[in-house]
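Trainee: Have a look at this one.
The values are calculated or read from the model by the stated rules, or taken from the named source; none is laboratory data. Computed from a predicted model, the values in this text were never measured in an experiment. Neighbour counts are summed over all protein chains in view; Cβ atoms, including those assigned to glycine, are modelled from backbone coordinates with ideal geometry.
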Amino acid sequence: MEQSCQDNIKPQKIAIVGAGPSGFYCALWILEEFKKLNFNNFVLDIFDKSQALRTILPTGNQRCNLTNATDDIEDFIKNYPRGKKFLYSIFSRHFNYDSIEFFNKLGIATYIQKDKRIFPKSNSSKEVKDKMFEGLKKYKNYHLIHKKINSKDELKNYDRIIISTGSRNCENLIRSFNQPLIPFKKSLCALVVKDFIYPKGVKLKALNYEQDYGHESEFIFTDKGISGPLAFKISSIKSRDDFPYSIEIELFKIEKIKDLIKQNPKKSITTIVSMLIPKTIAKIITDNSTISASNVSDDELKKYSKLNLTIISSSDTGEIVNSGGVDLKYLDKNCKSKINDNLWFCGEVLDIDGFCGGFNLQNCWSTGFVVAKDVVSSIIEKEK
Ligand SMILES: Cc1cc2nc3c(=O)[nH]c(=O)nc-3n(C[C@H](O)[C@H](O)[C@H](O)COP(=O)(O)OP(=O)(O)OC[C@H]3O[C@@H](n4cnc5c(N)ncnc54)[C@H](O)[C@@H]3O)c2cc1C
């Protein structure tokens, strides 16, 4: 039988550290690319300190918002406060429809929600996890290893290394490579407000954000501050700002309250404000005043129409991705380190983060794919 020249060469050893969405997707593409090329002279070790793909389970409230159907790359990248320019090139090589095709091939049917978020038809993140695992089992030459990697010294036997650890507790590992890192800070989370006095559970809309954010101008009071779409968006935009910072929330339009006062001149200001926002909140902002609304000055009406909140910290609830991560300046367009040989990064460990809506997982899919392609071609080129 004719022997392939591959068999005479020492197998190429590839390590992926972190089997979350980005590392797992990257592994599937590496295995698929090698299979297409009929190349078997490699070993792929995928390390995870916890259970592989555990982090996909809570996504999208267990429904897994896989990506977003925004079809223009220019519009898509507007949803990343950090990493836009870098992602433009990545998305031009692997975009939302490529990922959807990939998931459909794995047997995951998808649908687009009204707001363009894309979910599996099963509405089950567990299905995504299970189908990705089934996909992996089709291939050979890989090992899924339950182990924490603490430093680059533990990876010295590998020819190619991919770091996909996400953004939690991985600083020491990244520093062991001397790879520059921008400090991680929380994003897409609830916010804690100074001297907070509003009742938990009340939902409101910030009219001053409505034009730009649409339904994402809605928020809900928690026991310590605000949560919901508006809080997530603000926490993302201001992720790199120092605390405290102030935000202003417009609860009702002055013209609207003036119309109501004209129609009901004898009613108290608290009653009139209650016609526009929940009574519990109206009572707090007017101090439950019984003064006739027609006697309230324009300046005071303006004061009642706005909440001025001082944000003192982020809280631990929400979608919580982290801004910060591996500094993109020291990576090439394939997410390969410019300062370490044969080292790549993908997913949330990169200094890239997006808004809610499937944008963070799309970062994982697209960077995972680009890394897989580059790792495979670096090995194939060498073996030629
Ligand atoms: C509650 C919640 C809901 C979310 N919902 C959505 C959503 O619907 N859509 C969306 O787009 N985004 C969502 N996100 C964000 C999204 O989940 C993340 O961006 C994504 O999981 C990042 O994937 P990753 O593979 O880069 O990192 P991670 O998911 O963090 O995975 C990293 C993996 O690496 C392993 N690891 C870490 N360090 C080491 C080490 N030293 N050695 C070995 N293994 C290690 C970890 O155990 C983990 O399995 C959500 C986030 C949260 C918290």
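Trainee: Which of the residues that make up segment 145-171 are over 30 Å from residue 10 (Cβ atoms) and without any contact (Cβ under 8 Å) to a residue 40 or more places away in the chain? Walk me through how you get there before you give the answer.
Mentor: Looking only at segment 145-171, we keep the residues that are over 30 Å from residue 10 (Cβ atoms), and these are 166-169, 171.
Hits for segment 145-171 are 169, 171.
Trainee: Something else now. Identify, please: which residue in segment 189-212 is part of a strand (DSSP E or B) and under 16 Å from residue 247 (Cβ atoms) and is, among those, nearest to the chain's Cα centre (by Cα)?
Mentor: The selected residue is 189.
Trainee: Next question. If residue 172 satisfies all but one of (1) within 16 Å of the ligand (Cβ to nearest atom); (2) surrounded by 13 or more Cβ atoms within 10 Å (Cβ to Cβ), what's the number of the condition it fails?
Mentor: Condition not satisfied by residue 172: (2).
Trainee: Then there is this: Taking the conditions exactly as written (under 30 Å from residue 13 (Cβ atoms), among the charged types (D, E, K, R), modelled with pLDDT of 95 or more and within 17 Å of the chain's Cα centre (by Cα)), does residue 82 satisfy them or not?
Mentor: No: the conditions fail for residue 82.
Yes/no matrix, rows are residues, columns are (1) assigned by TED's automatic domain parsing to the domain that holds residue 29; (2) on the phi < 0 side of the Ramachandran plot:
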residue	(1), (2)
288	no, no
291	no, yes
310	no, yes
335	yes, no
342	yes, no
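Trainee: Kindly list the number of the only condition in (1) of a type in the set (A, V, I, L, M); (2) near the ligand (Cβ under 8 Å from one of its atoms); (3) loosely packed, with under 15 Cβ neighbours inside 10 Å that fails for residue 9.
Mentor: (2)
Trainee: Show me the helices (runs of 4 or more DSSP H) entirely contained within segment 213-325 in which 1 or more residues are among the aromatic types (Phe, Trp, Tyr), touching a residue at least 40 places away in the same chain (Cβ under 8 Å) and within 25 Å of residue 352 (Cβ to Cβ). Before you say what the answer is, go through the steps one by one.
Mentor: Working: elements: 229-237, 254-263, 269-274, 279-285, 298-305.
It comes to 229-237.
Trainee: Please determine whether any residue of segment 33-46 is at pLDDT 95 or above, surrounded by 18 or more Cβ atoms within 10 Å (Cβ to Cβ), in contact with a Leu (Cβ under 6 Å, 6 or more places away or on another chain) and of a type outside the set (Phe, Trp, Tyr).
Mentor: yes
Trainee: Can you name the number of the only condition in (1) in a loop (DSSP other than H, G, I, E, B); (2) surrounded by fewer than 20 Cβ atoms within 10 Å (Cβ to Cβ) that residue 52 fails?
Mentor: The one condition residue 52 does not meet is (2).
Trainee: Looking only at segment 146-163, count every residue that is crowded, with 16+ Cβ neighbours inside 10 Å and within 14 Å of the ligand (Cβ to nearest atom) and tell me the total.
Mentor: 8
Trainee: Only residues in segment 35-49 that are basic (Lys, Arg) count as the first member; pair them with residues that are surrounded by 17 or more Cβ atoms within 10 Å (Cβ to Cβ), Cβ under 8 angstrom, at least 6 apart or cross-chain, and list the lot.
Mentor: Close Cβ pairs (under 8 Å, with a partner that is surrounded by 17 or more Cβ atoms within 10 Å (Cβ to Cβ)) amount to 49/149.
Trainee: Take the residues in segment 303-320 that are farther than 22 Å from residue 240 by Cβ and surrounded by 14 or more Cβ atoms within 10 Å (Cβ to Cβ), then tell me which one is nearest to the chain's Cα centre (by Cα).
Mentor: Here the residue is 307.
Trainee: What is the residue count in segment 355-382 for residues that are in contact with an Asp or Glu (Cβ under 8 Å, 6 or more places away or on another chain) and away from the ligand (no atom under 16 Å from the Cβ)?
Mentor: The qualifying residues number 3.
Trainee: Another question, if that's okay. List every residue pair whose Cβ atoms lie under 6 Å apart, where the two residues are 6 or more positions apart in sequence or sit on different chains, the first residue falls within segment 354-365 and is on the phi < 0 side of the Ramachandran plot and part of a loop (DSSP other than H, G, I, E, B), and the second residue, located anywhere, is surrounded by fewer than 24 Cβ atoms within 10 Å (Cβ to Cβ) and acidic (Asp, Glu).
Mentor: From segment 354-365, the pairs are 356/319.
Trainee: Also, quick follow-up: Could you go through segment 96-109 and let me know if any residue there is of a type in the set (Phe, Trp, Tyr), assigned to a helix (DSSP H, G or I) and within 14 Å of the ligand (Cβ to nearest atom).
Mentor: Yes: one or more hits.
Yes or no, residue by residue, for (1) among the hydrophobic types (A, V, I, L, M, F, W, C); (2) near the ligand (Cβ under 9 Å from one of its atoms); (3) surrounded by 21 or more Cβ atoms within 10 Å (Cβ to Cβ):
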position: 331; (1), (2), (3): yes, no, yes
position: 334; (1), (2), (3): no, no, no
position: 339; (1), (2), (3): yes, no, no
position: 342; (1), (2), (3): no, no, no
position: 346; (1), (2), (3): yes, yes, yes
position: 349; (1), (2), (3): yes, yes, yes
